[in-house]
Amino acid sequence: MSEKKIAVIGECMIELSQKGTELSRGFGGDTLNTSVYIARQVNPAALTVQYVTALGQDSFSQQMLDAWHAENVKTDLTQRLENRLPGLYYIETDSSGERTFWYWRNEAAARFWLESEQSDAICQELAHYDYLYLSGISLAILNPQSRERLIALLKACRANGGKVIFDNNYRPRLWASKEETQQVYREVLKCTDIAFLTLDDEDALWGEKPVDEVIARTHAAGVSEVVIKRGAESCIVSQADAEKLEVPAVTLPKENVVDTTAAGDSFSAGYLAVRLTGGSAEEAAKRGHLTASTVIQYRGAIIPRDAMPQ
């Protein structure tokens, strides 16, 4: 199989979390999680993974890049912007284990990746990739002009024979209004080939509907392959030219579930690692479930490499 290329577009932030008196620092982001888990599960000769974002010129940004390189995630198209820093979020955990997230990201470098002098050249290169992957957060952090540029890039990639993959990951706090989000999502879905949808996010954005209506709405928007992620329940895969599939999740004892962080991101990664290298939708869904069920047995978004399923 000849080498293909996927570019994952998004934001990675500095993560601070406190447990008791202990404060720990890491890095996190939905698209970054997905890029790492794809790279861990594919032969680079078949599919290379590029992470597209912007960072600062600080030591935190360098540590991020070093970590991504160690995961075989390419960063040729990641920019280092002057006078910018990565975003930051803090996880506060109460006595019952409930988590609250606090964000400092309004001036984060990733928001400006399409406004730099290098952005035209980067977009020209990305337009010739085999696959572009983004999430709702990839869109939400951008200003309206940058969103228009990103949607134009998606269209250009498809016009060149590439495919667009979109995860609905809807975070209301990052958007000016629900109406704005709906308008942007409609434009993105028009040029999306594979859509990963979490039903809670769909219901929050469009109003609660039966799953068959959600699938029909997404196909009508222009998406040919719709993947409904339902956590511990079976996922649903609907392709425009095939019979709908329900693929059961991996069943785990309740005590084995340690941390559900990145469950959805890792499911998407497992699915794409198989689907984009020649596997069927059913095989891809099984791998997605296996990946997610492994990740939730460990603390944190990125689990140890030696814990990955075979």
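With N set to the residue count of the range 97-169, report its C-alpha Rg divided by 2.2 N^0.38 Å to two decimal places.
1.26
Over the C-alpha atoms of the range 137-237, what are the Rg and the largest Cα-to-Cα span, Dmax, in Å?
Answer for the range 137-237, Rg first and Dmax second: 13.4, 39 Å.
Enumerate the whole-percent occupancy of each 10 Å bin, from 0 to the last occupied one, for all C-alpha pair distances of the range 248-310.
Pairs per bin, as whole percents: 25, 54, 20, 1.
Highest GNM mean-square fluctuation, the chain, Cα pairs closer than 10 Å: which of ILE91, ILE137, ILE14?
ILE91
Which ³J(HN,Hα) values, rounded to whole Hz and listed in residue order, are derived for the range 189-194 from phi using the Karplus coefficients 6.51, -1.76 and 1.60 in 6.51 cos²θ - 1.76 cosθ + 1.60 with θ = phi - 60°, glycine and proline given as x?
Listing the rounded values in order: 5, 4, 10, 10, 9, 10 Hz.
Using the basic label-point model (7 angstrom from Cα toward the beta carbon), what is the GLN183 to ASP212 distance in nanometres?
The modelled label-to-label distance comes out at 3.4 nm.
Which value results when the Cα radius of gyration for the range 1-115 is divided by 2.2 N^0.38 Å?
Expressed relative to 2.2 N^0.38 Å, the Cα Rg reads 1.16.
In a Gaussian network model over the chain where Cα atoms closer than 10 Å are linked, find which of PHE267, PHE27, PHE101 has the largest mean-square fluctuation.
Its mean-square fluctuation being the largest, the pick is PHE101.
Pop the C-beta distance of LEU174 and ALA70 into the FRET formula with R0 = 30 Å and round what comes out to the nearest 0.05.
0.55
Quick one: which residues, 5+ away or cross-chain, put their amide H under 5 Å from the amide H of LEU47? H built at 1.01 Å from N.
Distant-sequence amide H within range of LEU47: LYS4.
Enumerate the calculated ³J(HN,Hα) couplings along the range 250-257 in order (Karplus 6.51 cos²θ - 1.76 cosθ + 1.60, θ = phi - 60°), each rounded to whole Hz, writing x wherever the residue is Gly or Pro.
Values, residue by residue: 6, 7, 10, x, 3, 5, 7, 7 Hz.
Given an 8 Å cut-off on Cα distances and at least 6 residues of separation, report the relative contact order of the range 1-110 as a percent.
In percent, rounded to a whole number, it is 29.
Could you grab the relative contact order for the chain? Cα pairs under 8 Å, six or more apart, rounded to a whole percent. Working shown, then result.
Numbers: 597 pairs, mean separation 44.6, N = 310.
Relative CO of the chain lands at 14 percent.
Within the range 203-286, what whole-number % of the accessible surface is contributed by carbon and sulfur, with the 1.4 Å probe and all protein chains included in the calculation?
Percent of accessible area from carbon and sulfur atoms in the range 203-286: 50.
Highest GNM mean-square fluctuation, the chain, Cα pairs closer than 10 Å: which of GLU246, GLU255, GLU187?
With Cα springs under 10 Å in the chain, the top fluctuation among GLU246, GLU255, GLU187 is at GLU255.
Note down the magnitude of the dipole of the chain about its Cα centre, charges +1 on Lys and Arg C-beta and -1 on Asp and Glu C-beta and zero elsewhere, to the nearest 20 debye.
280 debye
Using bins 10 angstrom wide from zero, how does P(r) for the chain break down, in % of all Cα pairs?
6, 28, 38, 24, 5, 0
Express the carbon and sulfur contribution to the solvent-accessible surface of the range 1-122 as a percent, rounded to the nearest whole number, probe 1.4 angstrom.
That fraction is 47 percent.
Where the Cα atoms of the range 40-197 are projected onto their three principal axes, how long is each span, largest first, in whole Å?
52, 39, 34
Quick one: which residues, 5+ away or cross-chain, put their amide H under 5 Å from the amide H of MET13? H built at 1.01 Å from N.
So MET13 has HN proximity to GLY28, GLY29.
With a probe of 1.4 Å, find how much accessible area the chain has per residue, and write the answer as a whole number in Å².
Normalised by residue count, the accessible surface of the chain is 46 Å².
Pop a pseudo-label 7 angstrom from the Cα along the beta-carbon direction at both LYS155 and LEU205 and give the gap in nm to one decimal.
1.9 nm
The values are calculated or read from the model by the stated rules, or taken from the named source; none is laboratory data. For clarity, every value in this text was computed on a predicted model and none was experimentally measured. Positions of Cβ are backbone-derived with ideal geometry, glycine not excepted, and every protein chain shown enters the neighbour counts. Note: areas computed on protein heavy atoms with side chains; ligands, DNA, RNA excluded. Shrake-Rupley method; radii C 1.70, N 1.55, O 1.52, S 1.80 Å.
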